[in-house]
């Protein structure tokens, strides 16, 4: 072996052993989506990956890893190497509601470093169009008068819908919604909305995007949205109008996170990408059609937002004894 | 806009070479994806979705529908040729399709699968167009109690697919029900049999179980007992499904199509139960009853009619109510929304021309499915000509890849191998695999609907007799049980 080749081999060996992040990303990045194809998280994550495509030097590969209400995929990211090549679309269900409700979850919030929250989904509560419940007050009064008769559907234990129904009832004066109202877990968001449509359940509180077509079609009637501003297409008062501004913490969101211990460089690089992606007209249009609000929060705000939501949910879970063990 | 105006506008929308092109592309992609074990119709539709973003809405949606229909038919090709259902809905097709292939009648089985699929598809599309309103209100009256009684009735299929011993069939079904309980409990959210492993919390993956149970035992058996004839190629067989075959099976095909239409219109059931129910009904009514499971062409016809009958019908709740009937239609709803269309009753008012264009495209798709399916069968014929000593390892590789691709975890591959050994053990003990699968599919539906109904009623069992639908299914269940017992007594008497 000549000296030159030996030298070359040595330098390349050194180059390889020096921190690989010198030019992050050097290889394709897996973006884990812990929910199934076609769901809100999947569409959001894939829209983001599409918008990132031309901006990122390496491919971003969205991978659906489903199961256990998002826990299987999320846990696999928590256990991955924090090298920036395995990231996850963090979601309200997997990263605040589930950790707040389930002690047996194989991960906690501390297992993740959050890059940013990039999307907010307003929450709306709705009843069937032919229901005689015409406001949140009537709904709460009905629950208080006839405990154990009014039901709400959800997409499973530990989903946003599960906690949203309880939280909404409680702020409208139902002392113990877990006892007084029936929680009807269905096998998915679509089935949960169908249950209200078919009269199996009386009301539902979920992301406005999941309800918008039913509301537009006059099949479901919204009672309230939980944002400060009214939601287009939803002829219903905001929670602030109803004097319950505390319900504004009840919103869905999506963000990007990686395993705890991500190098700063990775977080900063992703920040830059996200800032560009949210400007992408195609991405904005897609998000718009799903009734999402594109809202890229700074890293500090994102972490504060997630922790605050987690704290509120956790308190509610403790007070109502909704903990799953 | 009057009906004629809308229909004319719809025709103008669909009468372009592009719509035929994208529909044909969709069917082709679907057939190929469906024919690869592990790549289910659901995955194929999900993968095709991003490609539709840039297309005109009608082309995009037709493309996805083409993938869906093609995928459901395509799944029958490996089900018949290599005993590996390409998609869960075609598991019932293996029961008679594979024995036919072993006998050298693969061509006849594939041909019948195609005829049955296309006839069922056409019936399903026509039902969508003519009966959508009526079937949609029927579907909405299906709450958890109705669902429970329907699934209970469906469990009587087990007797039909148990083969020689009902006891062994029941053992298999009970094991399937048991394995289906692994994972999160829907109602309380507690972990069952997960041993703290996040992979098990999600339950056993359906595709992994399916492939393990059906494809692997065949391969393991081949490894242990390599027979002489395995080195020789099987023949596709000169025989094609004849018109006489179709005529003989026509009753089963039509019955199966309508079973598919009804089950497809009810959200949350899907193609596999429809195929099994159709198969069991065909068997119950056939003069060749005892030949089912040994390579009876009518079994292939019934199973394929059942699963393709679901395809058009799942669009009934989608178009008329805006609710997805299964995972595939959930993805298709996403495509509607991306194109700014909101499925539901208003779609017929605001985008009536679009609805009519879709209807016309769907009718066209049945014929495209026939044309492309015929080509596909001929293209896949070489699989039947490959000697088993080459085929078995190739199938194994495909199975591993397909199972891995579902969730991108090696855990699922491990589940597949474990199920493969279980399937082999069952094969050695002559315990049939089909009842196991039915238990595995129906178990969660049975349990969840039971518990949801009990939550609704506050624990009172009266809810299970709350209306004519529940009464009907109780009566059907009783009748099915009576027939099973009567037949058992008959066979005992014959023995003694």
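Derivation of every value follows stated rules applied to the coordinates shown; laboratory data play no part. As the structure is a prediction and not an experimental result, all values here were calculated from the model. All Cβ positions, glycine included, derive from the backbone under ideal geometry; neighbour counts span all protein chains shown.
Structure data summary
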read-out: Inter-chain shielding of A:177-183 (mean C-beta neighbours from other protein chains, 10 Å cut-off); value: 1
read-out: Projected-area mean, chain B, by convex hull of Cα positions, square nanometres; value: 24.0
read-out: Whether the stretch B:389-496 is rounded, prolate or oblate, judged on the alpha carbon gyration tensor where a/c under 1.5 counts as rounded; value: oblate
read-out: Angle in degrees between helix A:136-145 and the longest Cα principal axis of chain A, rounded to the nearest 10; value: 60
read-out: Kirkwood hydrodynamic radius of the stretch B:336-448, from inverse mean 1/r over distinct Cα pairs, in Å; value: 19.3
read-out: Whole-number D in µm²/s for chain A (Stokes-Einstein; Kirkwood sum over Cα pairs; 37 °C, 0.692 mPa s); value: 158
read-out: Range of Cα positions in the stretch A:177-325 per principal axis (Å), largest first; value: 51, 40, 33
read-out: Förster-model FRET efficiency, 41 Å R0, residue B:479 and residue B:192, C-beta, rounded to 0.05; value: 0.75
read-out: Peptides B:396-402, A:126-132, B:29-35 ordered by average Cβ neighbours within 10 Å, highest first; value: B:29-35, B:396-402, A:126-132
read-out: Rounded to 5, the percent of DSSP beta bridges in chain A classed as antiparallel; value: 60
read-out: Per-residue mean of C-beta atoms belonging to partner chains within 10 Å, peptide A:147-158; value: 2
read-out: MRE, 222 nm, helices only [DSSP H, n ≥ 4, -39500 (n - 2.57), over chain A, to nearest 500]; value: -12000 deg cm²/dmol
read-out: Separation of alpha-carbon centers, the stretch A:299-325 and the stretch B:442-478, rounded to whole Å; value: 36
read-out: Neighbour-count order for A:55, B:83, A:297, B:69, fewest beta carbons within 10 angstrom listed first; value: A:55, A:297, B:83, B:69
read-out: The stretch A:123-249: mean projected area of Cα convex hull, nm²; value: 6.6
read-out: Calculated Rg and Dmax of the stretch A:213-286 using C-alpha coordinates, Å; value: 17.7, 50
read-out: Packing-based ranking, highest mean first, of B:286-294, B:403-411 given that Cβ atoms within 10 Å are counted; value: B:403-411, B:286-294
read-out: Separation between Cα centres of the stretch A:158-205 and the stretch B:399-428, rounded to whole Å; value: 37
read-out: On Cα atoms only, tilt of A:3-17 relative to the major axis of chain A in degrees; value: 20
read-out: Proxy reagent accessibility, fewest Cβ within 10 Å first, across A:65, B:284; value: B:284, A:65
read-out: Computed E for residue A:23/residue B:346 - FRET, C-beta separation, R0 35 angstrom, nearest 0.05; value: 0.10
read-out: Cα-derived Rg over Rh, computed across the stretch B:44-108 with Rh taken as Kirkwood radius; value: 1.18
read-out: Antiparallel %, DSSP beta bridges [both residues in the protein assembly as shown], to 5; value: 65
read-out: Stokes-Einstein D for the stretch B:280-411, Kirkwood Rh over Cα pairs, 37 °C, 0.692 mPa s (µm²/s); value: 174
read-out: Average partner coverage of A:192-200, which counts Cβ from other chains inside 10 Å; value: 6
read-out: Sites residue B:429 and residue A:229, calculated FRET efficiency, Cβ-Cβ separation with R0 60 Å, nearest 0.05; value: 0.40
read-out: Principal axis dimensions, largest first and in whole angstrom, of the stretch B:5-58 by Cα; value: 44, 19, 16
read-out: Cα gyration tensor shape for the stretch A:19-156, rounded if a/c is under 1.5, else prolate or oblate; value: prolate
read-out: For the stretch A:80-156 and the stretch B:146-219, distance of Cα centres in Å; value: 29
read-out: Label-point gap, in nm, between residue A:246 and residue B:294 - each point 7 angstrom along Cα→Cβ; value: 7.3
read-out: Among B:190-203, A:202-215, A:263-276, the order from most to least packed when residues are scored by Cβ within 10 Å on average; value: A:202-215, B:190-203, A:263-276
read-out: Projected label distance in nm at residue B:472 and residue B:5, using a 7 Å step from Cα toward the beta-carbon; value: 3.8
read-out: Descending Cα extents along the principal axes, the protein assembly as shown, whole Å; value: 89, 77, 58
read-out: Rough spin-label spacing in nm, given labels placed 7 Å along Cα→Cβ, for residue B:242 and residue A:285; value: 5.7
read-out: Cα radius of gyration and Dmax for the stretch B:253-300 (Å); value: 11.3, 34
